[in-house]
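Following: one structure in structure tokens, then a few remarks.
The values are calculated or read from the model by the stated rules, or taken from the named source; none is laboratory data. What you are looking at is a predicted structure, and each value in this text was computed from that prediction instead of being measured. Methodologically, a virtual Cβ is constructed for each residue, glycine included, from the backbone with ideal geometry; neighbour enumeration extends over all protein chains shown. Accessible surface areas use protein heavy atoms only, side chains included; no ligands, DNA or RNA. Shrake-Rupley method; radii C 1.70, N 1.55, O 1.52, S 1.80 Å.
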Amino acid sequence: MIQCFAFAVPQLGKANLAFNGSKPAYPRNPPSIFLHLHGHDADASGSGISYRRRRRRKIAPIQRFQNPKFRSSSSDNNNTTSQSQRSNSKVVFWSAVTLVLAVGNRVMYKLALVPMKDYPFFLAQLNTFGYVVIYFTILYIRHRAGIVTNEMMRLPKWRFALIGMLEALGVVAGMYSAAMLPGPAIPILNQTFLLWQLGFSALLLGRRYSWNKIAGCLLVAAGVVTAIASGSESGQMLSGVGLLWPIMMVVSSAFQAGATIIKEYVFIDAVTHLKGKLLDIFVVNSFGSGFQALFVLLFLPFLSNLKGIPFHELPSYIKSGAGCFLNIGPSSSGCDGSPLMPLLYIVNNIAFNISILNLVKLSSAVVSSLAVVLSVPTTIYILSLPLPYLPEGVTLSPFFLFGSVILVLGLILYNVPQHSNSKHGSDLDIM
């Protein structure tokens with residue numbers, strides 16, 4: 001703004017007009033800002049400036065600075081602050097929604113396995129392949145409505161293939177290691193997921209996290225491990241288990257973390273290809289799920305054998321699982337609660353996947369992971385209460401309360417504001 005005004009009145013631009021912060025400092029001699037330039041009417045000094053006050057035209061300062069060409073930096077700062085506040089409000093809202101849906105997802109999965117206790121593999125494959133149909137149906141509707149543009153559909157597909165491959169490898173490695181590990185060790189080893197995300201985010205996206213965010217994430221992971229630890233027996237949890245299986249579970253978390261970071265990169269890079277438009281989340285969900293289903297289909301013989309189902313018996317197993325899911329036929333014995341409980345889980349899981357991907361789009365993969373991690377002790381507490389089809393509650397260890405306190409302290413530390421002049425900070429890392 002200063003350069004434009006100085007160009008119009010060179011003699012006055014340097015002498016009388018300056019801006020301090022967000023408030024313009026007006027010239028000491030107000031009438032001089034209304035001088036007129038006349039090539040034929042110069043004063044004695046030959047400067048070409050006429051001081052005839054009767055021809056001046058007064059313009060209120062507030063009106064002059066409303067001109068977009070002379071907009072002060074304070075309005076830009078105010079707009080930026082307002083947009084940042086709105087963005088942060090969206091992140092907080094969707095973090096809360098993701099947390100609620102994550103808790104519901106874990107609780108409903110446990111309730112869905114009550115009638116489907118003999119067919120967990122069928123329920124897992126129903127999620128994998130059924131969601132492809134659901135997501136692509138929604139994508140087709142949104143594309144016909146003009147919400148999803150042709151430019152979005154023409155984005156490079158190899159990134160989605162990479163996402164699907166990493167998620168499928170995470171499923172395979174997770175199933176193999178989970179079959180050999182004790183149950184309480186699995187959620188503890190899964191907390192390395194957050195640490196993998198921090199590393200991949202810094203390596204692949206170039207993000208820089210302040211000390212409080214790194215320490216906060218470490219405290220959150222430590223709090224979850226403490227909350228789900230089983231007291232004095234936790235030290236013997238991995239006794240008799242080879243080193244290979246814990247490492248494979250950690251590698252499974254790395255595959256899943258890498259997939260989420262690539263999803264975040266897809267959203268960031270799409271802004272350039274779409275000329276500032278935001279990529280619709282169903283493009284990522286649909287193609288990512290499609291490639292994941294393709295790779296899972298390739299691994300299906302190994303997965304079925306892993307679950308004790310010979311590949312040649314897989315068709316009859318799927319038929320029996322479908323009968324239990326629908327609660328019809330000879331295989332429906334002991335499937336009380338179907339199809340209501342499995343359907344509630346599927347609906348909640350779809351909403352959860354959409355919510356978490358939308359949170360990745362608005363903030364970052366690390367923020368979405370914090371929302372999911374926070375759901376772990378909350379889920380444990382809810383599952384300790386008497387529930388439908390799970391009438392017997394359990395008593396929680398004192399470690400649960402202690403770990404929950406550590407987790408909350410980690411979230412508080414993560415959100416301690418850090419004032420920095422750097423322009424290369426992470427985007428909306430708020431939880």
To the nearest Å², the heavy-atom accessible area per residue of segment 108-263 with 1.4 Å probe amounts to 46
So H312 and L387, fully extended at 0.36 nm per residue minus their Cα-Cα distance, gain in nm 23.2 nm
Calc'd 3J(HN,Hα), segment 193-199, phi into Karplus 6.51 cos²θ - 1.76 cosθ + 1.60 (θ = phi - 60°), Hz, glycine/Pro = x, comes to 3, 5, 5, 4, 5, 4, x
Of the convex hull drawn through the C-alpha atoms of segment 368-411, the volume per residue in Å³ is 61
Between S364 and residues 5 or more places away or on another chain, the pairs with built amide H atoms under 5 Å apart involve none
The base-10 log of I(q)/I(0) that the Debye equation returns for segment 141-214 at q = 0.15, 0.19, 0.22, 0.25 Å⁻¹, one scatterer per C-alpha, is -0.83, -0.96, -1.03, -1.12
As a Kirkwood estimate from alpha-carbon pairs, segment 250-316 has a hydrodynamic radius in angstrom of 14.4
Rg/Rh over Cα atoms for segment 273-359, Kirkwood Rh, comes to 1.11
Excluding ligands, DNA and RNA, the carbon-plus-sulfur percentage of the accessible area of segment 355-400 with a 1.4 Å probe reads 70
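Assuming a ≥ b ≥ c are the square roots of the Cα gyration tensor eigenvalues, decide whether segment 86-169 counts as rounded (a/c under 1.5), prolate (otherwise, with a/b larger than b/c) or oblate.
oblate
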Place a point 7 Å from the Cα of A179 in the direction of its beta carbon; the residues of segment 122-139 whose amide N falls under 20 Å from it are 122-129
Mean accessible area per residue over segment 354-416 (1.4 angstrom probe, all protein chains present, square angstrom) is 45
